[in-house]
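I have placed the structure first, in the form of structure tokens, so that the comments after it can refer back to it.
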Amino acid sequence: MGVEVMAVSTDSRFVHKIWQTEELAKMVPGGVPYPMLADAGGKIGTVYGVYDDAAGVNLRGRFIIDPDGVIQAMEVLTPSVGRNVTELIRQVKAFQHVRKTGEATPSGWQPGKPTLKPGPDLVGKVWKEWKPDQAF
Amino acid sequence: MPRRFCLWLMMAAALLFIALPAAAADKDKGKKQDLDSSCVSPAKGPLAPQTKGQPAASANQPQAASVRARVGKVAPDFEANAFVNGAFKNLKLSDNKGKWTVLCFYPGDFTFV
């Protein structure tokens, strides 16, 4: 899909190396294929609003950034609940579609499902184009 | 006269005896620092928005760093030490300009979720 992933935690690059070689490579062949960044002191996390000062770690924040560098989406969770990667992929595909076509993707959109063409003609007519059960 | 000269000679020798090893140690320290700095230079952390003609400055101010990330706005650039493809490297967010980026923060390595 042409997406660069960057993983960031407050751990140093040395800890990243060992985690990759000692645990991740056993979970996933070859380990994770993306860069693991070191954010000592949570300075980058602070600027992104995800640094938990009291705990000294970054929260589970995830930002989708488009090719112009604009943040299109963010999702922040407290540490105990993991992310939903399927939803992340769905969102990236949706934003890529919007960027390419200028159309809007309704709730629960999946590639191939109907999109909406925003404009004055659509006002009050969305019910004709889309039904709520299409969100699932 | 010769006695004073002897005294002077002894003092000079003593000083040399102390100074030379110290200087050598400094040289060693210098060499060691070179080795350390040849690995990866410290990363600048969050970068201040670039003004024309000036290199990206570190935005690590002691006073409260404000949250600059907003959905719909340009993502704050930063530079960080990274472990990538088996090597240590400094990476910037702006290295990905022209591509989609997913930036994932997480609490820590070796934690559970």
Exercise for review: Under 13 Å from the Cβ of A:Ala40, count the other residues' Cβ atoms, weight Lys and Arg +1, Asp and Glu -1, and hand me the total.
Suggested key: 0
Exercise for review: Over the alpha-carbon set of segment A:73-136, work out the extent along each principal axis and list the three values in angstrom, largest first.
Suggested key: 45, 26, 20
Review point. In Å, what is the Rg of the alpha-carbon atoms in chain A, and how long is Dmax?
Key: 18.8, 58
**Study point:** Geometric extent, Cα atoms of segment A:1-44 - Rg, Dmax (angstrom)
**Key:** 11.3, 32
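The numbers here are math on the coordinates, done by the rules we state, and not lab data. Note that the coordinates shown come from a computational prediction; the quantities given were computed from them, not determined experimentally. Heads up, the Cβs are rebuilt from the backbone with ideal geometry, glycines too, and the neighbour counts pull from every protein chain shown.
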